[in-house]
Every structure is written in structure tokens, then in C-alpha cells.
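Chemist: Could you have a look at this structure, given as C-alpha cells, before my questions?
Taken together, the values in this text are just the output of simple stated rules run on the coordinates, not laboratory data. This is a predicted model, so every value here is computed, not measured. Here the Cβ positions follow ideal geometry from the backbone for every residue, glycine too, while neighbour counts run over all protein chains shown.
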Amino acid sequence: MGLPRWIYVPALVGAVFVLLPLVAIVARVHWAEFGSLVTSEGSRAAFWLSLKTSAASTLLCVLLGVPMALVLARRRFRGLALLRSLVLLPLVLPPVVGGLALLYTFGRRGLLGSELDALGIQVAFSTIAVVMAQTFVAMPFLVVSMEGTLRTAGQRYEVVAASLGAAPTTVFRRITLPLVLPGLVSGAVLSFARSLGEFGATITFAGSLQGRTRTLPLEIYLQRETDPDAAVALALVLVVVAVLVIGLARQGRGVL
């Protein structure tokens, strides 16, 4: 079935709107100095910190988000709609609000932070705080992807396996996970990409300490004020990494 010809006009406008700023970044890069701009000590520290914390937050998203998606997709109980809305709230909240919420929960004078501080455990303004901030904003992406995949897959195979005497854990491990693996991969990659680009919640809850909490987006923001050329070069690095991650995810999902 063909598409109406007029569809191509807004589609082209939308594509230009998305791609033109990326072209502008590429055009603004000083290629002769690109290597030195992205390999400074601060840039390298921010890049590797972003990769490590994003990987850690993605793992947390999988460990915590998959069970949440299963509950939301497979169970019916009073308050389910409210629970789903609250779980997905970080999708629409400004990240800085999420950072404030984390700070007032785990900060030194926060709801739980004061108790942790009495035990000698300080969470805010640490690398752990970076991971927590990234997990807070990224987990809904995995939950949405997994819940949709679970609903599409249905429960017929799980019901058959259970009727044959398989334990719930066995059904989950042998039936459910293989069925939803493409959605899990897609959600995990989206979570990683969101964590990699996280800024607002991170700077609010973790601050900007070089080598400890200053991720690549924070480094780009700071360099924008002092060295715009370095900021543009680092922004291009972040764009390239994000494109590679999304491309690998689509390739992997196609294979699965």
C-alpha cells in the first residue's frame, strides 16, 4: 500500500529538523585540533566515568526494571494504574526535579541520608550518586519496553509450561526471558543511552567533581563556558557513541 504524497513533506521537514543541528555540530568542529581537544585529562576522565556509570546504571535498570515490568504486565490489582504512573513519572519529570528528590532522600539531611550518614555512609556527591541519578531517569525506558514486549508475547506458552508442572522460576527463566529478549535488549540499550546523556539529575544530586562525578555531559557544559571548541568536539564524541549504541541495538534485535 502506497503512502499519500503529502506525507513526505512533513516527514522531510522532521528529518531536517533532527539532522540539521547534528550537521551544524560537525561543521563547527576544528578537525585540526580534534585529537588534542578530546584527549585532555579532564575529557578522558569524564568519558570513562560516563561509560562506567552508564554500564552500572543499565545493569541496575535490568535487575530492578524487569521485575517491575513483569508485575505491571502480568498482575491485576487495585492501584495498578497509579503504580504504573508513578514508576513512569521520571519520563516526564524534569531531571533536575529527580535530582532534588534523590538529594532529599539520600542527602546528608535527607529522609534516609541522615540515617546513612550516622553509619558513616555518604551517598550524595559521590560516584554512587551518579549511578543512582542515571538509574532513576533511565529505568522507565526499560520498563516501558519490557512491559510492551510482555503484553505482545502473551502468556500462552507460560500457561502451558505451568500446566506441565514447571515451577514459576523455571517458567520465567526458560520461557519468559527468551520470549522477551529482544525487548530486554532494546530497553537496556535505551537505558544506557539515556544514562550516557544524563545531566540535570546528576549535577543536582552528585555535583561536578572531576574524576568522581563529572560525566561527559557535565564536562561539555563546563567547557562550553571556557573552551567552546572543546565542548563541540566532546559533543560530537557523545553523538557518535550514542549512534553506535543505537545501531548495535537495532542490529542485535534484528538477529534475535
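Chemist: Per DSSP H run of n ≥ 4, the term is -39500 (n - 2.57); total these for the chain, divide by its residue number, and report the mean residue ellipticity at 222 nm rounded to 500 deg cm²/dmol.
Modeler: -24000 deg cm²/dmol
Chemist: Springs between alpha-carbon pairs under 10 angstrom, Gaussian network model over the chain: which of A27, A206, A235 fluctuates most?
Modeler: Between A27, A206, A235, it is A27 that shows the largest mean-square fluctuation.
Chemist: Please identify the longest segment of the chain free of exposed trypsin sites (Lys or Arg not before Pro), where exposed means a DSSP state other than H, G, I, E or B and no more than 10 other Cβ atoms within 10 Å.
Modeler: The answer is 110-256.
Chemist: Considering the convex hull of the alpha carbon atoms of the chain, report its projected area averaged over all viewing directions, in nm², one decimal.
Modeler: Spelled out: convex hull of the Cα atoms, projected over all directions, averaged, 19.2 nm².
Chemist: Counting alpha carbon pairs within less than 8 Å and at least 6 residues apart, what relative contact order, in whole percent, applies to the chain?
Modeler: It comes to 30 percent, rounded to a whole number.
Chemist: Something else: Given a Förster distance of 22 Å, report the FRET efficiency between W48 and R28 from their Cβ-Cβ distance, rounded to the nearest 0.05.
Modeler: 0.35
Chemist: Can you list which of the chymotrypsin sites (Phe, Trp or Tyr not before Pro) found in segment 1-93 are DSSP loop residues with at most 15 other C-beta atoms within 10 Å?
Modeler: Hits after loop and neighbour filter: F77.
Chemist: Starting at the first residue of segment 221-231, write each ³J(HN,Hα) from the Karplus equation 6.51 cos²θ - 1.76 cosθ + 1.60 with θ = phi - 60°, in whole Hz, x for Gly and Pro.
Modeler: Each residue of segment 221-231 in turn: 4, 5, 5, 4, 7, 9, 9, x, 5, 5, 4 Hz.
Chemist: Hull surface divided by four, with the convex hull built on the Cα atoms of segment 66-176: how many nm²?
Modeler: 9.2
Chemist: Something else now. Mind telling me which of L82, L49, L209 comes out most flexible in a GNM of the chain, alpha-carbon contacts under 10 Å?
Modeler: In the Gaussian network model the winner is L82.
Chemist: If a/c stays under 1.5 just call it rounded; otherwise compare a/b with b/c (prolate if a/b is bigger, oblate if not). Do that for segment 142-256, with a ≥ b ≥ c from the square roots of the Cα gyration tensor eigenvalues.
Modeler: Since a/c reaches 1.5 and a/b is larger than b/c, the shape of segment 142-256 is classed as prolate.
Chemist: Would you mind classifying segment 1-132 by shape? Square roots of the alpha carbon gyration tensor eigenvalues, ordered a ≥ b ≥ c; an a/c under 1.5 is rounded, otherwise it is prolate if a/b is larger than b/c and oblate if not.
Modeler: Oblate is the answer for segment 1-132, as a/c is 1.5 or above yet b/c matches or exceeds a/b.
Chemist: Moving on to the next point. How far apart, in nm, are two points set 7 Å out from the Cα along the Cα-to-Cβ line at R76 and at R108?
Modeler: Taking the two extended label points, one gets 5.2 nm.
Chemist: Now for a different question. May I ask you to derive the relative contact order of segment 36-177, considering only C-alpha pairs under 8 Å and at least 6 residues apart, and to give it as an integer percent?
Modeler: 31
Chemist: List the relative contact order of segment 160-256 as a percent without decimals, with contacts defined as Cα pairs under 8 Å and 6+ residues apart.
Modeler: Taking the mean separation of contacting Cα pairs over the length of segment 160-256, I get 29 percent.
Chemist: Taking only Cα atoms of segment 151-200, what ratio of Rg to Rh do you get with Rh as the Kirkwood inverse-distance radius?
Modeler: Taking Rh as the inverse mean 1/r over Cα pairs, Rg/Rh reads 1.21.
Chemist: Next question, about the same structure. Taking the Cβ-Cβ separation of V243 and L209 as r and a Förster radius of 22 Å, what is the calculated FRET efficiency to the nearest 0.05?
Modeler: Plugging the Cβ-Cβ distance into 1/(1 + (r/R0)^6) gives 0.15.
Chemist: If you don't mind, another one. Connecting C-alpha atoms closer than 10 Å in a GNM of the chain, tell me which of L216, L244, L19 has the biggest fluctuation.
Modeler: L19
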